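The values are calculated or read from the model by the stated rules, or taken from the named source; none is laboratory data. Remember, predicted model here, so these are calculated numbers, not experimental data. Reconstructed Cβ throughout: ideal geometry from the backbone, glycine too, with neighbour counts over all protein chains shown. Heads up: the accessible areas ignore ligands, DNA and RNA and are worked out on the full protein's heavy atoms, side chains in. Shrake-Rupley method; radii C 1.70, N 1.55, O 1.52, S 1.80 Å.
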Amino acid sequence: MAAKLRKGDKVIVLAGKDKGKTGEISSVDPKSGKAVVDGVNIAVRHVKQSQNTQGGRTPKAMPIQLSNLAIVDANGKATRVGFKMDGDKKVRFAKTTGDVI
């Protein structure tokens, strides 16, 4: 199945503690159905000090379920993604505006 959300897409969070926040997808794991969004779903991880790195508490973006994300259209609103044929290429488009993503 074609991916509706891909790395680099600007998305908005629909549900959870970060509802309403926007960010860019930095990585997607299609097998587990999750994506990591910059600045969203931040958890504090404790890092042990080593010879090369300083120890301490570091914030890290954790994966969020793809069903809780929606792509942002040109108007800045959440939209669903559809597929259509543009010549001989299959392209994604925003359902609200009809623009090709």
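Using a cut-off of 12 Å between beta-carbons, work out the net charge of the residues near K60 (Lys and Arg +1, Asp and Glu -1, K60 not included). That works out to +1. At q = 0.12, 0.15, 0.23 Å⁻¹, what base-10 log of I(q)/I(0) does the Debye formula yield for segment 4-61 when every alpha carbon is treated as an equal point scatterer in vacuo? Scattering profile of segment 4-61, log10 relative to I(0): -0.38, -0.55, -0.91.
Backbone phi angles across segment 4-9, fed through the Karplus curve with coefficients 6.51, -1.76 and 1.60 (θ = phi - 60°), yield HN-Hα couplings of 7, 10, 10, 4, x, 6 Hz in residue order; Gly and Pro are listed as x.
Placing a label point 7 Å from the Cα of D86 along the Cα-to-Cβ direction, the residues of segment 1-36 whose backbone N falls under 16 Å from that point are 3-6, 9-10.
Taking 0.36 nm per intervening residue step and subtracting the Cα-Cα distance, what contour gain separates S26 from A43 on full extension? Display every interim value, and only then the final one.
Numbers: separation 17, 0.36 × 17 = 6.12 nm, distance 1.60 nm.
Once the chain is fully extended between S26 and A43, it gains 4.5 nm.
Any of K34/K84; K21/K84; K7/K31; K4/K84; K19/K77; K4/K77 with alpha carbons more than 21 Å apart? Name them for me.
On the way: K34/K84 24 Å; K21/K84 29 Å; K7/K31 15 Å; K4/K84 12 Å; K19/K77 13 Å; K4/K77 16 Å.
K34/K84; K21/K84, as the Cα separations exceed 21 Å there.
Think of the chain as having a plus end and a minus end, set by charges on the Cβ of Lys, Arg, Asp and Glu; of I64, G98, S50, S50 sits farthest toward the positive end of this dipole. Labels on offer are (i) 1.25; (ii) 1.10; (iii) 1.19, and the one holding Rg/Rh (Cα atoms, Kirkwood Rh) computed from this structure is (ii). Charging the Cβ of each Asp and Glu at -1 and of each Lys and Arg at +1, and nothing else, the dipole of the chain about its Cα centre rounds to 300 debye. In the context of the full set of protein chains, the chain has a per residue accessible area of 70 Å² (1.4 Å probe). Rounded to whole numbers, the Karplus 3J(HN,Hα) couplings from phi for segment 79-92 are 9, 8, 10, x, 10, 8, 8, 10, x, 10, 10, 8, 10, 8 Hz, using 6.51 cos²θ - 1.76 cosθ + 1.60 with θ = phi - 60°, and x at Gly and Pro.
How large, in percent, is the carbon and sulfur part of the accessible surface of the chain at a probe radius of 1.4 Å? If you can, show how the numbers build up before the last one.
Working: 3480 of 7020 Å².
Roughly 50 percent, rounded to a whole number.
Backbone phi angles across segment 43-54, fed through the Karplus curve with coefficients 6.51, -1.76 and 1.60 (θ = phi - 60°), yield HN-Hα couplings of 10, 8, 10, 8, 10, 7, 5, 10, 5, 9, 10, 7 Hz in residue order; Gly and Pro are listed as x.
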